[in-house]
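**Student:** I have a structure I would like to understand better, so I am pasting it below and will then ask my questions one at a time.
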Amino acid sequence: MVWRFRLRKLDYFSGANFEIQDNELSDRESTYGSPKRVLTQVSRIIRDTVASRKLKELYSYECQVCRTSIQTNAGLYIEAAHIQPLGTPHNGPDVISNILCLCPNHHVRFDYGGFTVSDTLELIGEKGRLFVHPKHALGQSFLAYHRAHRYDAGW
Ligand SMILES: [Zn+2]
């Protein structure tokens, strides 16, 4: 079986539905309504793995930096942050020793080099110390990788 596709430019993305007046971005009223949807297919690394789920439960869904947990209608929410990122070019492993439980704010700051963690678990670029559960063996080499490639690298 052969799949064929045709690329077609949609007006929605052409910029014709937007205008800038007096330094203010606004919609033309005629464009109000439901957003148009485009069916896409992406290939991405599955991040909600058994390892990350076990770690979230170990920390009772609390951030290892600020110790907050986020209550939602779907239950408690926390994110699994890979210290040495998954995927190219970092190719970090999806193992518990390479994962931190972080709230969304600290996850973003960590991923973009806003702060990092020393060998003695002191936070660098953030006040305080990383909380680490006694059953959570962190990989020192992953922390060193983060310091060298995410924090010291600059953005
Ligand atoms: Zn946090």
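A short reminder: the numbers here are calculations on the coordinates, not readings from a lab. All of these numbers come straight from a predicted model, not from anything done at the bench. When we count neighbours, we look across all protein chains shown, and the Cβ atoms used for this are built from the backbone with ideal geometry, even at glycine.
**Student:** Hey, quick one: spin label on T49, modelled 7 Å out along Cα-Cβ, who in the stretch 75-90 has an amide N within reach, i.e. under 16 Å?
**Tutor:** 80-90, by backbone N distance to the label point.
**Student:** Still on this structure, please answer the following. What do you get for chymotrypsin sites (Phe, Trp or Tyr not before Pro) in the stretch 68-145 restricted to DSSP loop and a cutoff of at most 14 other Cβ within 10 Å of the site's Cβ?
**Tutor:** Y112
**Student:** Go through 98-107, 54-63, 117-126 and give me the packing order, highest mean Cβ count within 10 Å leading.
**Tutor:** 98-107, 54-63, 117-126
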